[in-house]
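These notes concern the structure reproduced below.
Bear in mind that the values in this text are calculations on the coordinates, not laboratory data. Computed from a prediction, not measured in an experiment: that's the story for all the values here. Ideal geometry is used to build each Cβ from the backbone, glycine not excepted, and the neighbour counts take in all protein chains shown.
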Amino acid sequence: MHHAAEEIVGYQEERRKEWISSDTWNLISLRKTLKQKINQTLSIDEKSRMKQKINQTLSIDEKSRITKEYSKIHKNIKKSARTDKRKWIDGIATAAEEAAATQNLKELYKSTTSKHSIQDTGIHSI
């Protein structure tokens, strides 16, 4: 039944924010793979760890190393996303200022009330 549903309905495509850069998306995918590695080291059965003490210490060391790398990547993602959003908002504000300077009210209205405008991001004043 699940297979039939996949064929008929298909998968929902991932919705990506237009203001996030491709570099940030690459970092996000890297973080996702690191998270999977962390979960794989956690899913090892405790009994098999007790049988193999050497592998237990290696997996714990590996898990701590991957966790540190994960937290570093997570910080970089937050920083990069903030920078991307600032650039995107500045671009909208610049377009609105240029439209206002040339008295192009149509473009000014589009830039301030569009579906993806600054109001949707929770920022109400520039």
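Observations on the model:
- Extension gain, ARG86-SER21: 0.36 nm per intervening residue step, less the Cα-Cα distance, totals 22.2 nm.
- Spin-label model distance (nm) - LEU105 vs ILE28, 7 Å beyond Cα toward Cβ: 3.8 nm
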